[in-house]
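Here is the structure we will look at.
No value in this document is a laboratory result; all are computed from the given coordinates. Since this is a predicted model, take the numbers as computed values, not measurements. Backbone-built Cβ (ideal geometry, glycine too); neighbour counts: all protein chains shown.
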Amino acid sequence: MHIPLHHFEDYIDETILRRGLSYYKNGQVHEPEEIRTGEYEAIVEGTEDYTVRMTMNNAVITEHVCNCPYDMGPICKHVVAVIFYLQQDELDLQQKAVKTKLVAAKKKKKRKTIPEQVDELLEKAAHDELKQFVREQAKLNVSFRNLLLSSFVQYNKDRDGSFDWYDARQVGNGVDHLLESAKKQIDNQNFKSAVFICTAIMEQMVGALEYTDDSSGDIGGAIEAAYEMLYTLAASQPDEDIRKMIIDYALSAVDKKLYAGWDWHVGMLRIAAMLLKTDAEIERLCKELDKEHKSDHVRAEAQSIKYDLILKTKGEKEAADFLEANISNPKLRRKAIQAALEQGNYSSAISIAQGGVDYDKKESPGLVIEWYEWLLKIAQVQGDKEKIIEYARHLFIANFRPEQDYYAIMKQYMAPDIWVAFVEGIIQDIAAQKRWYTKEQIAGIFIKEGWMERLLELVRKFPDLQTIGQYETHLAKKYTPEVVELYVNALLEYMKTNLGRSHYKEACRYLRRVIKLGAREKANEVMSFFRREYRQRRALMEELDNV
């Protein structure tokens, strides 16, 4: 794209202009050097130091290249920063002076704010008074009124019974000031008011979820924020009146199923378990925990809470018996493995983890991965070299999102003279799996071992633009012409079957990569072919003009 130097702003996206100007003003452009007649080179400091080269003829920029990774448009902010540097006198620009002194801000006269007035009211308000306050605020605040309407939408005859995501966003914004007020009440140790606010938010917002498209997460986020405040307050060992107030609410909410079907139902059980003191409270919670739960998740959580409760109230022996009786619960299996490890009982820890592998191998492959990770940790604690290699190998092949660097672990413990043969065996096993990430796993091995020729051959088997781009940085150091050829062929194939501006932009993005690889002539050849072959595609012609 040719850019007239004296009105370059007309040719560049406004966002990129602002970013480039910011780089210039912050002094991130080193003085450009004219390395040949009309050809300039400058270093621009960014995430790294980037080199910008630009060619000018008769005050027109005819060529510009930056070695930064940006390829979403025809020009990056680093190039723009250099243009501003070259035009600084024309535009009467100066870099910002660095401030050396802090100017003390004048203190505003202290006056009572609306939030302070709200805090004062909430400190004294009972439930009925709080309802009245909400009613009054709904008259004054549109966002808050949306909150109220969403909470009781089933009774609102003027609406169709549902809220879209935009309504949800407005409701979420409306409740923010109440969450802030609750936080201030906690900071001021007005815990009773904070509990009223948090529980009111939770109940009303859970009701709103039934009628609202909460894809933005605003309403769920408000509930979670209120719950977290309530949980933190419960965990702070509050005074007896606050303790009793919270535990009564939590058990009542569970009994009434206010949050049934949501994680906050289990959350109320956890809050109650933290605050238990009396036998009556313990008995009441145990009845809830022992109920038949429809959800496997809730049942597992309830058993985990009961284990902690037994450990707290009845001691280690009964807790261990309960653990053993419910070992199929993954939460309890984790606790059992951890306990065995802490006691140095490695054989028991291995047995429990291996039991998890056997129990979950058909239904829960994700849990099987976790049990193997435990087996690896145990082997590492024991220094069992053979088992470390066995488990690390299994996890490297089976787990695409590793907890540890399994490859490095294997290399650490394998003898160097048999390492290559060992790796070849791993590659064969991965290839036999034929999973969606097989290519990435094998490519990762080639990169780790520096086998770039084999990586190139792998990319040739999958010569799409995305794959070439994914491994370009590794291959281009040694195989630049080959990568350019792959790009050219892939671009020609891509344009045969893809129509629409979004696809044309994608093709042009990769054309810029070809240019960054120093193959401007190849890129020009491809663009010339596109202009001849697809001249009827107006959007493509427009995008090519921007390359």
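Over the chain, what relative contact order in percent results from Cα pairs under 8 Å that are six or more residues apart?
8 percent.
Consider a paramagnetic label point 7 Å from the Cα of Gln470 along Cα→Cβ; state which residues of segment 437-451 have an amide N under 11 Å from it.
Counting only backbone N, you get 437-444.
Per-residue HN-Hα couplings for segment 483-497, Karplus 6.51 cos²θ - 1.76 cosθ + 1.60 at θ = phi - 60°, whole Hz, x for Gly and Pro?
Each residue's phi maps through the Karplus curve to give 5, 4, 4, 4, 4, 4, 5, 5, 5, 5, 5, 4, 6, 5, 10 Hz.
Once every DSSP H run of n ≥ 4 in the chain is given -39500 (n - 2.57) and the sum is divided by its residues, what mean residue ellipticity at 222 nm do you get, rounded to the nearest 500 deg cm²/dmol? List each step's numbers first, then the result.
Values: 25 runs with 364 residues, N = 547.
-21500 deg cm²/dmol, from helical runs alone.
Mind listing the long-range amide H neighbours of Thr212? Cut-off is under 5 Å, sequence gap 5 or more, other chains count too, H placed in the peptide plane at 1.01 Å from N.
Correct list: Phe163.
Roughly how many nanometres apart are two label points built 7 Å out from the Cα toward the Cβ at Asp71 and Ser295?
That separation, rounded to one decimal, is 4.4 nm.
Would you mind computing, in nm to one decimal, how far apart the modelled labels at Glu316 and Glu136 are, each placed 7 Å from Cα along Cα→Cβ?
Placing both labels 7 Å along Cα→Cβ, they lie 5.8 nm apart.
Between Arg435 and Asn57, 0.36 nm times their residue separation minus their Cα-Cα distance comes to what? Provide the component values of the computation, followed by the final result.
Numbers: separation 378, 0.36 × 378 = 136.08 nm, distance 5.33 nm.
Full extension of this stretch gives 130.8 nm more.
Cα-based count: Lys pairs in segment 373-516 below 19 Å, eight or more positions apart or different chains?
Qualifying lysine pairs in segment 373-516: 16.
Could you tell me the largest-minus-smallest coordinate of the C-alpha atoms of segment 3-86 on each of the three principal axes, in descending order and whole angstroms?
Here the spans come out as 31, 26, 23 Å, largest first.
Could you work out the relative contact order of segment 454-547? I mean the mean sequence separation of Cα pairs under 8 Å and 6+ apart, divided by the number of residues, in percent.
On the way: 59 pairs, mean separation 24.1, N = 94.
Rounded, it is 26 percent for segment 454-547.
If the chain between Met541 and Gln428 were fully stretched, how many nm would it gain, using 0.36 nm times the residue separation less the Cα-Cα distance?
Full extension of this stretch gives 36.1 nm more.
Do the alpha carbons of any pairs in Lys256/Lys291; Lys244/Lys312; Lys183/Lys312 sit beyond 25 Å of each other, and which pairs?
Details: Lys256/Lys291 14 Å; Lys244/Lys312 19 Å; Lys183/Lys312 31 Å.
Distance filter (> 25 Å) returns Lys183/Lys312.
Among DSSP bridges having both ends in the chain, what percentage is antiparallel? Round to the nearest 5. Before the final figure, lay out the partial values.
Values: 19 of 20 bridges.
Of all bridge pairs located within the chain, approximately 95 percent are antiparallel.
Once amide H atoms are built 1.01 Å from N in the peptide plane, which residues 5 or more positions from Ser364, or in another chain, come under 5 Å H to H?
So Ser364 has HN proximity to no qualifying residue.
Label Asp279 and Asp263 with points 7 Å out from Cα along Cα→Cβ: what is the distance between them in nm?
3.7
How large is ³J(HN,Hα) for each residue in segment 5-21, as worked out from phi by the Karplus curve 6.51 cos²θ - 1.76 cosθ + 1.60 (θ = phi - 60°), to whole Hz, x for Gly and Pro?
Result, ordered by residue: 5, 7, 9, 5, 4, 6, 10, 10, 4, 4, 4, 5, 4, 4, 5, x, 4 Hz.
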